[in-house]
1. May I ask you to verify whether residue 155 is buried (at least 21 other Cβ atoms within 10 Å of the Cβ) and over 18 Å from the mean Cα position of the chain (by Cα)?
2. Would you mention how many residues in region 163-186 are in a helix (DSSP H, G or I), farther than 20 Å from residue 297 by Cβ and among the β-branched types (Val, Ile, Thr)?
3. Could you run through region 335-351 and say how many residues are open to solvent by 90 Å² or more (accessible area, probe 1.4 Å) and within 22 Å of the chain's Cα centre (by Cα)?
4. Mind checking whether some residue in region 96-109 is among the acidic types (Asp, Glu) and modelled with pLDDT under 90?
5. Is it the case that some residue within region 287-297 is of a type outside the set (Gly, Ala, Ser), under 15 Å from residue 175 (Cβ atoms) and not in a loop (DSSP other than H, G, I, E, B)?
6. State whether the residues of region 38-56 include one that is surrounded by 18 or more Cβ atoms within 10 Å (Cβ to Cβ) and under 14 Å from the mean Cα position of the chain (by Cα).
7. Please identify the pairs in which a residue from region 55-70 that is over 15 Å from residue 20 (Cβ atoms) has its Cβ atom under 8 Å from the Cβ atom of a residue that is of a type in the set (A, V, I, L, M) and modelled with pLDDT under 80, counting only partners at least 6 apart or on another chain.
8. Please go through region 106-162 and give me each residue that is hydrophobic (A, V, I, L, M, F, W, C), over 30 Å from residue 54 (Cβ atoms), out of contact with any strand residue (DSSP E or B) (no Cβ under 7 Å at 6 or more places or on another chain) and in a helix (DSSP H, G or I), ordered by number.
Amino acid sequence: MIDYEVLRVIWWVLIGVLLIGFAISDGFDLGVGALLTLIGKTDEERRVMINTIGPHWDGNQVWFITAGGAIFAAWPMIYATAFSGFYLALALTLIALWMRPLGFDYRGKLPSKKWRNGWDWALFAGGLVPSLIFGVAFGNLLLGVPFELDDTLKATYTGSFFGLLTPFALLTGLVSVAMLLNHGATWLQMKTDGFLEARARKVSFVLSLATVAMFVLAGVWVAIGIDGFVISSPVDTLATSNPLRKAVTIEAGAWMNNYGTYPWMIVAPVLGILAGLACAWNSKAGRAGWAFVSSALMIAGVILTAGFSMFPFLMPSTTMPDASLTVWDATSSLMTLKIMFIVACIFVPIILVYTAYGFYVMRGRIKNSDLNQSHTIY
């Protein structure tokens with residue numbers, strides 16, 4: 001029998017896996033979209049780029065939907081508080097994501113160059129804006145979110161949209177942008193040839209190094225320039241969820257404490273750095289497959305670093321630290337987590353299998369000569 005404490009940790013791990021799965025799978029879709037006007041110089045080249053992700057983007061987005069649903073079911077207070085505080089940012093993200101299906105379907109409806117260029121820029125926004133906002137959101141979680149809880153556990157957000165755009169949050173946003181655009185460039189290396197492949201290799205080399213540099217800078221900033229949060233009272237990890245039953249203090253450099261308590265966690269930032277360097281080297285050497293794998297490992301390392309640094313905090317509060325939401329007091333009931341765990345054990349493998357099968361069936365490079373071979377081509 002799995003107890004409440006273990007289930008809480010399991011769901012922390014599972015949601016982390018879903019977020020990493022989304023960043024790796026849908027991340028290259030976002031990256032390709034944002035690179036559309038940079039790497040693609042002609043209409044044919046941009047069509048090739050679009051068709052490299054055309055068979056996959058909607059399936060990849062399942063990871064995003066699943067992660068959102070899992071957060072709603074496993075961490076309802078996180079879901080409610082996030083939508084209260086990040087409402088405008090999330091709305092902008094959804095609007096930008098809408099540009100992808102619209103752009104894919106409508107871009108080729110008219111031969112007008114102006115029409116197609118307009119949709120190209122819409123697809124650019126559809127890739128860039130979510131990439132930036134996701135990174136800014138992670139940065140704000142590390143900084144802490146200005147919210148309070150009343151006696152009924154109703155959350156009240158006391159900040160503003162522009163208050164989210166702090167220098168550190170913008171840096172983490174740029175890390176996310178560089179990381180996902182690089183992932184898109186490694187995908188293009190595998191799926192295109194000729195000038196597109198060559199440009200993608202150059203872009204990936206630059207972006208992977210830029211990601212590593214900004215990731216290291218963000219890590220130093222976290223270590224010496226940002227206050228972290230620490231639970232300063234005993235916590236009953238088996239009790240029903242109530243964030244107001246604990247005491248939290250804010251201390252300089254506290255986000256580094258876990259690396260002293262659990263030294264194995266250092267694997268995450270090391271993986272992020274080494275995989276990023278390996279991606280640059282593989283892109284330079286023309287090893288497209290290894291460049292993509294290295295990019296995926298870098299993404300995993302970066303996301304794991306954020307998760308390991310904050311554990312057990314999920315959403316710390318700057319205005320009411322004791323109300324900070326953690327793994328131990330922001331989860332659903334024991335029964336809910338048990339039922340969801342059974343469902344996840346059944347459906348996550350299914351998602352993995354059909355996703356892998358889809359990539360296998362659609363393997364191979366897209367060439368200019370393929371653009372007029374089928375009515376399904378964009």
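1. Working: buried (at least 21 other Cβ atoms within 10 Å of the Cβ): yes; over 18 Å from the mean Cα position of the chain (by Cα): yes.
Against the criterion (buried (at least 21 other Cβ atoms within 10 Å of the Cβ) and over 18 Å from the mean Cα position of the chain (by Cα)), residue 155 qualifies.
2. Final tally of qualifying residues: 0.
3. 1
4. To start, the set of residues in region 96-109 that are among the acidic types (Asp, Glu) comprises 105.
Restricting the remaining residues to those that are modelled with pLDDT under 90 gives 105.
There is at least one residue in region 96-109 that is among the acidic types (Asp, Glu) and modelled with pLDDT under 90.
5. First, pick out the residues of region 287-297 that are of a type outside the set (Gly, Ala, Ser): 287, 290, 292-293, 297.
Those left that are additionally under 15 Å from residue 175 (Cβ atoms): none.
No: region 287-297 contains no residue that is of a type outside the set (Gly, Ala, Ser), under 15 Å from residue 175 (Cβ atoms) and not in a loop (DSSP other than H, G, I, E, B).
6. No: region 38-56 contains no residue that is surrounded by 18 or more Cβ atoms within 10 Å (Cβ to Cβ) and under 14 Å from the mean Cα position of the chain (by Cα).
7. Once the first residue is over 15 Å from residue 20 (Cβ atoms) and sits in region 55-70, its partners that are of a type in the set (A, V, I, L, M) and modelled with pLDDT under 80 give 55/362; 56/362.
8. 142, 143, 162
The values are calculated or read from the model by the stated rules, or taken from the named source; none is laboratory data. Remember, it's a predicted structure, so these values are computed and weren't measured experimentally. A quick note on method: Cβ atoms are made from the backbone with ideal geometry, for glycine too, and the neighbour counts reach across all protein chains shown. Ligands, DNA and RNA are excluded from the accessible area calculation, which covers all protein heavy atoms including side chains. Shrake-Rupley method; radii C 1.70, N 1.55, O 1.52, S 1.80 Å.
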